[in-house]
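Here the structure comes first, spelled out in structure tokens, and everything after it is commentary.
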Amino acid sequence: MPVCNAQIRIAGRDERNRILAVYAALGYRREVNPLDHVWLAESASEAIGIVRVAAEQGTLVLRGMRIAEHAQRQGLGTRMLGAVAEWLGERECYCVPYPHLVGFYGRIGFAVLEPASAPVFLAGRLMNYRRSGEDVILMRRPAYWAGARPSVSSI
């Protein structure tokens, strides 16, 4: 099945082992909370993409987007981001991406945020990542009022 026909769905709570296996296969080594909302992209029953939204200290954080190497640069990540945006609706969300992904996350309203303006735990996470050698930034997607949210169909 071509990547363009991949199905994107929210994983069930009973799929924890599969979620962990997909993340491991795609090189993601961070802890995954069983309460996170996780989206899987599947093609011919193979998981080729994954992303999650974690509720941390009363804040939504987009984390762990990974696309299988053979499925990259074919629009799958954009489709997955659109699914997350639909789910978020008008809620605020943060992410800690690599700088070259500013435009990608900007498609659904994320903008670069100074650490001093972020929740303390996220500013701390950013600093820990940077201390360990990761070149990352902090981004925030503000809570939107009706009609002001970017159109996902334009992604």
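Quick notes on this structure:
- Using C-alpha pairs below 8 Å separated by at least 6 residues, the relative contact order for the range 5-155 is 19 percent.
- Virtual spin-label span in nm between VAL112 and GLN74, 7 Å along Cα→Cβ: 3.2 nm
- Summary: within the chain, the longest segment free of GluC sites (Glu not before Pro) located in DSSP loops with at most 14 other C-beta atoms within 10 Å is 32-89.
- Rounded to the nearest 0.05, the FRET efficiency derived from the C-beta distance between ALA143 and ARG30 at R0 = 22 Å is 0.30.
- In the chain, taking the dipole from charged Cβ atoms about the Cα centre, the farthest positive-side position among HIS100, SER43, ALA116 is held by ALA116.
- Unit charges on C-beta of K, R, D, E only; dipole of the range 3-154, Debye: 100 debye
- GLU46-LEU101 FRET efficiency (beta carbon distance; Förster radius 30 Å; 0.05 resolution): 0.80
- Within the chain, the ratio Rg/Rh, alpha carbon atoms throughout and Rh by Kirkwood, equals 0.94.
- Loop-resident trypsin sites (Lys or Arg not before Pro) (DSSP state other than H, G, I, E or B) in the range 1-98 with no more than 11 further Cβ atoms inside 10 Å of their Cβ: ARG29, ARG30, ARG73.
- Extending 7 Å from Cα along the Cβ direction at ARG131 and again at GLN7 yields two label points whose distance is 4.5 nm.
Rule-based calculations on the coordinates, nothing more; no lab input. As the structure is a prediction and not an experimental result, all values here were calculated from the model. For neighbour counting, all protein chains shown are included, and Cβ atoms are generated from backbone atoms with ideal geometry for every residue, glycine included.
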